[in-house]
Amino acid sequence: MSWIKEGDLNLLEKISANVLKAGPMPKHVAFIMDGNRRFARKKNMERQEGHMQGFNKLAETLRWCKHLNIPEVTVYAFSIENFKRTKEEVDGLMELAKQKFERLLEERCFLNVCFAYTSRYEITNAVREMAWGVEQGLIKASDVSESLLSECLYSNNSPNPDLLIRTSGEVRLSDFLLWQTSHSCLVFQSVLWPEYSFWNLCEAILQYQLNHKSIQKARELHQEHQALQQLEADRACVAEHLQHHGNGKPADAQRRQEALLHYTACREDRVQDFLEALKHKRNSFFSDLCSKPVLA
Amino acid sequence: MAMLYGLLWRLLLLLVHVNTALVSWLRVRLRSWKGRLWERAVALNHNPDATANPVTGNRDDGRRARWLSDGKALEKLPVHVGLLVAEEEPSYSDVANLVVWCMAVGISYVSVYDNHGIFRKNNSRLLEEILRQQNLLGVDGSKYSIEFLSNGSDKHNVVSCRPTVKVLSPEDGKQSIVQAAQQICRSVENKERSSKDISVSMLDVLLRESKNIPDPDLVLKFGPVNSTLGFLPWHIRLTEFISLPSHRDVSYDNMLDALQRYASCQQRLGQ
């Protein structure tokens, strides 16, 4: 039996979905699923029951996303900070996660679950990986750039989220995808996560559509700026190189241009080799982890 | 069929825009109506025996006292407020007002940001405007003198008792993180440290060194765009975001409302 609940949308939901799909749709939605415990209190349930409802709601939401042709979803299940909760609650969450996510492997969809995650740690880790690359002689410190850092994040295989939704009325990011959501549409909704409805999701998508053009413009502006910065950085490196290796005479424009193109091409090759090595390192880490005997 | 849905979608967006326009029109009407009622109430209650000193000084004293008491009345006041102007063609006088009000209410650090870097480019114009508003609003220069931090300055100034204004642009966001990363990688290249030494606190210290101010507790976002637009990604880990429709013609009461909403929110920090 499928964990992502099968079943169609009702007629009204189908029509609304089709209307929304006539406009721009987010390709990657991130959720901060907040409000399980408040829900439990409200309904006089145990906390664990609240978390259970939360997981069920996740399954339902994934179904809606499938119907809305949203190919990728990222959720914030558990932060490093959440380890501060009682041992009982933490253990309960871990067990629930293990059960539910095992079943998820039977489905085929892109669901990224951020577990024991904080964004600052992820960014720091990306910096550490680049420093490792420098130590290994794969890249130079001057190769460090915004796009390289993005490639070193855990989320490098995914596009940045177009839409970030946080439920339960809190209006902060709580150390979630801080780098990746710098130009995402942020929607804060007051509904508690276990009470999330199809219409709440539609409302969030509508917000995304209303903001689409202006956010797109801002993103493009940022990318232009990034490209310019990379070009200037390359130029500076080339200028330095020519100064050290030149014959004292100032290089002409053509020679500078050739040197720049050559330098850029070399840098890009270096970076590709480094990223390959990084991928290999990560894959080895996981296969080593899986081959270790699992302690009960 | 697709065409029909396309039309319906456009209709939906139109309805939303009409609704938004109607709501903001109503809000403006309500505010001016409330304003007129208030004036009438004040006129009615005005005690003819009390000396209504027409000299500006007294009125300003009253305003300043009110602002200060408003700040003290809040359950919690942010230490650092970010003003995120997500609108085209910013109004310097309105932003200057907001800065002066924030500081009059007792907020120690105010950052001003727009994603085009307009404020950064016109740094001096903004700061002139702030000083002008300070004088106009009768805010006492010596007590509230503002410290203007522009990029890379005042590294020696560790503790500032005076309110501080900082003008930010997208360069202070991801680009700063990249620069810190480059610095770290250079020291690794020079064998001054190992990649294993790199920690969150190391990066945090580097990112704080050039800014020298605490993380923003609150960001007031002005304009219809629902995004941080690149505002200090590292520093907004626990920042509360409160949206206001526009910075143009924003009133002190609008700002105070937002601060009251901030005061009532609760941070559980993972627990």
Matching residues, the stretch B:93-132, being part of a helix (DSSP H, G or I), touching a strand residue (DSSP E or B) at 6+ places or on another chain (Cβ under 7 Å) and not aliphatic (A, V, I, L, M): B:102, B:119, B:120, B:123
Which one of these does residue A:12 not meet: (1) more than 28 Å from the chain's Cα centre (by Cα); (2) more than 14 Å from every other protein chain (Cβ to nearest Cβ); (3) assigned to a helix (DSSP H, G or I)? (2)
Every residue from the stretch A:147-165 that is at pLDDT 95 or above and in a loop (DSSP other than H, G, I, E, B): A:152, A:153, A:160, A:161, A:162
Step by step: first the residues of the stretch B:195-208, then only those that are without any contact (Cβ under 8 Å) to a residue 12 or more places away in the chain and more than 7 Å from chain A (Cβ to nearest Cβ), then the one that is surrounded by the most Cβ atoms within 10 Å (Cβ to Cβ). Which residue is that? B:208
Residues A:168, A:182, A:190: which one is in a loop (DSSP other than H, G, I, E, B), of a type in the set (Gly, Ala, Ser), within 7 Å of chain B (Cβ to nearest Cβ) and more than 25 Å from residue A:285 (Cα to Cα)? A:182
Only one of these is over 30 Å from residue A:69 (Cβ atoms), of a type outside the set (Ser, Thr, Tyr) and in a helix (DSSP H, G or I): A:210, A:242. Name it. A:242
Among residues of the stretch B:173-193 being more than 7 Å from chain A (Cβ to nearest Cβ) and either touching a Phe, Trp or Tyr at 6+ places or on another chain (Cβ under 7 Å) or over 14 Å from residue A:229 (Cβ atoms) (or both), the residue surrounded by the most Cβ atoms within 10 Å (Cβ to Cβ) is B:180
Just to verify a result, which residue in the stretch B:228-246, among those that are touching a strand residue (DSSP E or B) at 6+ places or on another chain (Cβ under 7 Å) and within 25 Å of residue B:28 (Cα to Cα), is nearest to the other protein chains (Cβ to nearest Cβ)? B:241
Looking at the stretch B:114-164, which of its residues are modelled with pLDDT of 55 or more, at positive phi and more than 18 Å from the chain's Cα centre (by Cα)? B:138
Subset tally (residues that are crowded, with 23+ Cβ neighbours inside 10 Å and under 19 Å from residue A:33 (Cα atoms)) for the stretch A:144-172: 7
Qualifying positions in the stretch A:193-205 - touching a helix residue (DSSP H, G or I) at 6+ places or on another chain (Cβ under 7 Å) and part of a helix (DSSP H, G or I): A:193, A:194, A:195, A:198, A:201, A:202, A:205
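The values are calculated or read from the model by the stated rules, or taken from the named source; none is laboratory data. Computed from a predicted model, the values in this text were never measured in an experiment. Here Cβ is always computed from backbone atoms with ideal geometry, including for glycine, and neighbour counts include all displayed protein chains.
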